[in-house]
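Presented below is the structure to which this report refers.
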Amino acid sequence: MKRIYGGVLALSAVLASALASAENFGRVSYDAAADQLVVTMLYRGTNPDHDFSLQWGGCKMLPDGTNEIVAEVLDSQARDAARQDFRKTVHLSLEGMASCRPAKLTLRAAPRNYFSMRIPAAP
């Protein structure tokens with residue numbers, strides 16, 4: 001019985017890792033002319049047709065008077081099997097942080113990937 005149970009756990013771990021779509025950041029920059037983020041997403045999947053969007057957290061004022069906001073990068077195909085490496089450059093709107101500028105913006109992608117940068121006041 002222990003052998004079967006151990007085998008089931010091992011198989012579950014392999015399947016979970018095969019379905020995990022871990023996103024990471026390549027180059028991240030702020031395009032002032034378009035007032036957008038330009039982000040190179042590095043991800044795994046079965047196809048290159050993933051779309052990425054931002055889910056905004058709340059704006060917080062830090063003790064030094066500066067604003068801080070976190071945005072989670074969402075993958076439209078987060079459950080796509082992780083079979084190949086892909087790279088895609090996306091342009092992401094900053095509309096979700098309109099009332100929180102200027103601010104320190106932290107982008108977060110699964111599971112422990114972070115990138116922080118300063119975003120100036122709206123143009």
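The values are calculated or read from the model by the stated rules, or taken from the named source; none is laboratory data. In this text the structure is predicted, and so the values were computed from the model without any measurement. Neighbour counts are summed over all protein chains in view; Cβ atoms, including those assigned to glycine, are modelled from backbone coordinates with ideal geometry.
A few remarks follow.
- Residue that is within 15 Å of S29 (Cα to Cα), in contact with an Asp or Glu (Cβ under 8 Å, 6 or more places away or on another chain), of a type in the set (G, A, S) and touching a residue at least 24 places away in the same chain (Cβ under 8 Å), where the choices are A109, A103: A103
- Residue match in region 105-116 (condition: surrounded by 15 or more Cβ atoms within 10 Å (Cβ to Cβ), modelled with pLDDT of 95 or more and among the polar types (S, T, N, Q)): yes
- Enumeration of residues in region 64-97 that are surrounded by fewer than 12 Cβ atoms within 10 Å (Cβ to Cβ) and farther than 30 Å from G45 by Cα: D64, G65
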